[in-house]
């Protein structure tokens, strides 16, 4: 079972790394042509977009996976049942996105004023971003269908084309000098909008003539499953991105200083790209995998083992970034590197987010999605409460500590709920072992940095990192060569 998950993770991993790498080419580019305040606007907008996407998707991605599995379990005309699920979930998300877009256009002026002086001067920014959200929501369920059907290559090609077009246009606009015009960073959003429209057009043939159509009886059942996911998704995304808004509104010194702090914070978060990529590629593979028709005991065994491997891999990635953070700092412009000290905190928070993802599959499988709402609202509460204390004191550094505390609180409660309602045979000893080894290596490196010359310190970090990798491979008896060959073979098939 885990071999299948590993292969799927590797497939999505290779593709996601390529796609996201193209996208993250914009980070070094933007942080070299924009000042901290201008990049703060980009960070602000791209923190708000995921929040809107979660609300408008209404948990329909997970619902599509779950109800497609139900159609298989019920038998009969399975394909017709799946088409009905697809048409309904796609239809309701398209309707929600359309209503949202119309509403934003009608209220664009007051919305812009609430968002700040920069947006009040450029309300077109808000309208363009609303259009991006519209087209991205329209593609969400069709992309989920590709994942459910195992059409990874098609999924990857469309995602890659979207990013490649976005990057090409964004850099092209810069070469043409458009960022120096009065419209400024608005051209960043124009590039994204064009890429989103083209992606939708190219994705439509994969729907195979199925039109969005809402079956009311089916929708009522889906909503019972998805509404808790929606509530938890809103809270979870707010918890993930509200730190940017807290920096924007709680940093003393006015809007200009707040946007500068936000720009630095956003740039450092981007440096944690590898950890973000790993969690994303794991989610793409694991969600349809764990929500398929597993027997209960098989599910428990697979989920527990997957958690152990996830922690192991996360610790290796964590060390790979923090031990060589000087190299990763080159991703962003020099004026943004002042915030590099928060990188370990951001990475640790991302690890905890992945652990929480693993702990969410059991209640999604058992259709007890109310627990998602409980957990995410806890995290949101911790974020908001601590932000009012630490962000005014420490700015973006305080936001990083708050983010870590919120993720830790969610993970602790998730483990408690899992142990109480759906005990899984986690190998706690092995997972703690990996965390302790990683923490010890990081601490040793930090202490050594005060006593060794930089070149010697870098050499020591290389040895420490390879030691950590060798320890993990030997501890788990992983045949790395065989695993890579199997993944590549499946990917090119």
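The numbers here are math on the coordinates, done by the rules we state, and not lab data. Predicted model only: the values in this text are computed from it and were never measured. Because the Cβ atoms are built from the backbone with ideal geometry, glycine has one as well, and the counts that use them run over all protein chains shown.
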Residue span residue 121 to residue 338: 0.36 nm per residue of separation minus Cα-Cα distance leaves a gain in nm of 75.2 nm
How much length is gained on full extension from residue 214 to residue 70, taking 0.36 nm per residue of separation minus their Cα-Cα distance? 50.1 nm
Inter-label distance, nm, simple model (7 Å from Cα along the C-beta direction), residue 164/residue 481: 3.3
Calculate the FRET efficiency for residue 467 and residue 106 from the Cβ-Cβ distance with a Förster distance of 60 Å, rounded to the nearest 0.05. 0.50
Counting only helical runs of four or more DSSP H residues, what would the 222 nm mean residue ellipticity of the chain come to if each run contributes -39,500 (n - 2.57) and the total is spread over all its residues? -28000 deg cm²/dmol
In terms of the alpha carbon gyration tensor, root eigenvalues a ≥ b ≥ c, rounded if a/c is under 1.5 and otherwise prolate when a/b exceeds b/c or oblate, the stretch 352-399 is oblate
What does the extension gain come out to for residue 255 and residue 181, with contour length at 0.36 nm per residue minus their alpha carbon separation? 24.5 nm
Cα→Cβ-extended label distance, 7 Å offset, between residue 384 and residue 114, nm: 1.5
Report the relative contact order of the chain, percent, no decimals, based on alpha-carbon pairs under 8 angstrom and at least 6 residues apart. 23
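With the contact rule set at Cα under 8 Å and sequence spacing of 6 or more, what percent relative contact order holds for the stretch 298-455?
About 37 percent, as a whole number.
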Given labels modelled 7 Å from the Cα in the Cβ direction, how far is it in nm from residue 327 to residue 149? 4.1
Sort 64, 46, 371 so the one with the fewest other Cβ atoms within 10 Å of its own Cβ comes first. 46, 371, 64
I need the calculated FRET efficiency for the pair residue 460 and residue 439, taking r as the beta carbon distance and R₀ as 22 Å, to the nearest 0.05. 0.85
Applying the gyration tensor rule to the Cα atoms of the stretch 86-201 (axes a ≥ b ≥ c; rounded if a/c under 1.5, else prolate if a/b exceeds b/c, else oblate), the class is oblate
Pairwise centroid distance, computed over Cα atoms, of the stretch 95-161 with the stretch 191-248, Å: 9
Apply the a/c threshold of 1.5 to the C-alpha gyration tensor of the stretch 351-476 and tell me whether it is rounded, prolate or oblate. oblate
Please order 296, 368 by the number of other Cβ within 10 Å, starting at the fewest. 296, 368
Calculate the length of the line joining the C-alpha centroid of the stretch 443-479 to that of the stretch 307-337, in whole Å. 13
Order of 450, 232 from fewest to most other C-beta atoms within 10 Å? 450, 232
So the FRET efficiency between residue 367 and residue 201, C-beta based with R0 = 25 Å and rounded to 0.05, is 0.10
